[in-house]
Amino acid sequence: MQVWRRIPLSLVAMMSLTGPLLTSCALPDAPPLDYQCPHDLRFTARLYRDMAMLDGMSGHAVLARQAPQASDAPAGDAGGKSAPLRYADDSVRAQFGLGEQGRLARLDYTDIPEPVYCARIAPPGAPVTPPYAINRDGPRPPPLSPNPDAPVITNIRTGDGADTRLN
């Protein structure tokens, strides 16, 4: 024998409205990928569909996603390897997912003639898996709100109309 409880209609309506709102607010973030480079340098990368965010000892960089090159292995090829993930900005080009297990990242800086290879550091007890870009765009800062007290720059001149450049 089952006993059914009555749930107030107002509670059901509230749950049906707030459920989608709560789930849409909590978008998954890209997992942090830690890398160890030569000379004890380290950085953390977060890979998104359109960009990569690198945080390291020398600061923060946001790199735009680059299209795969013709020389890249296609995803799901006979070797089971996927194409490396490529990102770049004006000062550095980065490739993730290189090497036998996809553990390596290659950084090509514009002011350093040779590439820098870095190995991914796995959390203790976890296997190293090839990196992947999360299937959403990276975070964007909110637009700046206009300052109502800021001066407005125009091409309108005020004065008596006399051209002082001729004197």
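Quick notes on this one:
- Rolling a 1.4 angstrom probe over region 86-155 with all protein chains present gives an accessible area of which 56% lies on carbon and sulfur atoms.
- HN-Hα J in Hz across region 90-100 - Karplus 6.51, -1.76, 1.60, θ = phi - 60°, x for Gly and Pro: 5, 10, 8, 10, 10, 10, 10, x, 8, x, 4
- The Cα trace of region 29-142 gives Rg and Dmax of 13.7, 44 Å, the first to one decimal, the second as a whole number.
The values are calculated or read from the model by the stated rules, or taken from the named source; none is laboratory data. Here the structure is a predicted model, which is why all the values come from computation and not from measurement. Side chains included, ligands, DNA and RNA excluded: accessible areas come from the protein's heavy atoms. Shrake-Rupley method; radii C 1.70, N 1.55, O 1.52, S 1.80 Å.
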